[in-house]
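Presented below is the structure to which this report refers.
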Amino acid sequence: MIDITGPLTSLIAYLLGSIPFGYLIVRWQKGIDVRQTGSRSIGATNVMRTLGIAGFIATFVLDCGKGLASVMLASRLTGDDPRWVAAAAVAAVAGHVCPVWLGFRGGKGVATGVGVFIALAPVPMGLVLLFFAVLVAIWRIISLGSIIATASFPVLVYLVNNPPTPIVIGAACAAALIIGSHHANIRRLLAGRENKLGQKPSVISQNQL
């Protein structure tokens, strides 16, 4: 009999990642589509523009949790098979970025990526968060910190954990999805037009999460 546990965990991870918590929370609280406001993303930063810090925290925790749960579930059901653990990590991030429930138009994947990366390699993820904080403190540009810190994760996983090759590949693919979803931010960074922390709302550009 063919074992479909691995592919099934990847599908579950994608569906979990696709749960649009930010969209649902704003719809519940305000009765509006968060994709029609601010950066038009379903992520925590855009939710904050509508619901404040409480909305940000709720969305971030839930999005992070679905990434963490996806990887942990795959690990448990497949006997910690690195191939399927890695596949679940990528699928969860892909689900957030391209959710089937919202016509494949989702968020930037940062919060979900945090959950995924914690599950894959908690120590390297801790270093990434420290790296992110330093970058934001220096340049005061959240998108730049997110992009560089995300790109550093697969490297740190390899150097610190020396895990099986599928985990490194999965970490790299998940990071690539998150960075790719920041294409608009990257264009603004290259043009010198990306917003910094502390700017007035009237000049805030489309951001992340």
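Of all residues in the range 9-23, none satisfies being free of Cβ contacts under 8 Å to residues at least 12 places away in the same chain and over 16 Å from residue 99 (Cα atoms). In the range 62-76, is there at least one residue being surrounded by fewer than 15 Cβ atoms within 10 Å (Cβ to Cβ), free of Cβ contacts under 8 Å to residues at least 12 places away in the same chain and closer than 27 Å to residue 167 by Cα? Scanning the range 62-76 turns up at least one residue that is surrounded by fewer than 15 Cβ atoms within 10 Å (Cβ to Cβ), free of Cβ contacts under 8 Å to residues at least 12 places away in the same chain and closer than 27 Å to residue 167 by Cα. For the range 143-150, indicate whether the set of residues that are modelled with pLDDT of 95 or more, hydroxyl-bearing (Ser, Thr, Tyr) and more than 22 Å from residue 57 (Cα to Cα) is non-empty. No; the residues of the range 143-150 include none that is modelled with pLDDT of 95 or more, hydroxyl-bearing (Ser, Thr, Tyr) and more than 22 Å from residue 57 (Cα to Cα).
For beta carbons closer than 8 Å, sequence separation of 6+ or different chains, a first residue in the range 100-120 that is part of a helix (DSSP H, G or I) and a second that is basic (Lys, Arg) and at pLDDT below 95, the qualifying pairs are 102/35. Within the range 114-123, the residues that satisfy the criterion of being buried (at least 24 other Cβ atoms within 10 Å of the Cβ) and under 17 Å from residue 14 (Cβ atoms) are 115, 116, 120. Looking at the range 146-168 only, could you name the residues that are within 20 Å of residue 108 (Cα to Cα) and in contact (Cβ under 8 Å) with a residue 24 or more places away in the chain? Residues satisfying the conditions are 146, 147, 150, 151, 152, 153. Of all the listed residues (42, 25, 32), the sole one being more than 20 Å from residue 174 (Cα to Cα), not polar (S, T, N, Q) and not in a helix (DSSP H, G or I) is 32.
Which residue is surrounded by the most Cβ atoms within 10 Å (Cβ to Cβ), if the candidates are limited to the range 88-113 and must be β-branched (Val, Ile, Thr) and closer than 21 Å to residue 56 by Cβ? Selected residue: 112. Of the residues making up the range 126-145, those that are surrounded by 17 or more Cβ atoms within 10 Å (Cβ to Cβ), under 23 Å from residue 191 (Cβ atoms), of a type outside the set (Gly, Ala, Ser) and free of Cβ contacts under 8 Å to residues at least 60 places away in the same chain are 132, 135, 141, 144. Within the range 69-120, restricting attention to residues that are of a type in the set (Gly, Ala, Ser) and touching a Pro at 6+ places or on another chain (Cβ under 6 Å), the residue that is nearest to residue 47 (Cα to Cα) is 106. Residue 10 passes every criterion in (1) in a loop (DSSP other than H, G, I, E, B); (2) within 18 Å of the chain's Cα centre (by Cα) apart from (1).
Cβ-Cβ contacts under 9 Å between residues 6 or more apart (or on different chains), taken from a first residue in the range 24-35 that is touching a residue at least 60 places away in the same chain (Cβ under 8 Å) and closer than 14 Å to residue 52 by Cα to a second residue that is assigned to a helix (DSSP H, G or I) and of a type in the set (Val, Ile, Thr), are absent.
Do we find that residue 62 is among the hydrophobic types (A, V, I, L, M, F, W, C), closer than 24 Å to residue 31 by Cα and within 14 Å of the chain's Cα centre (by Cα) in this structure? So residue 62 passes the test.
The values are calculated or read from the model by the stated rules, or taken from the named source; none is laboratory data. Computed from a predicted structure; not experimentally measured. Here Cβ is always computed from backbone atoms with ideal geometry, including for glycine, and neighbour counts include all displayed protein chains.
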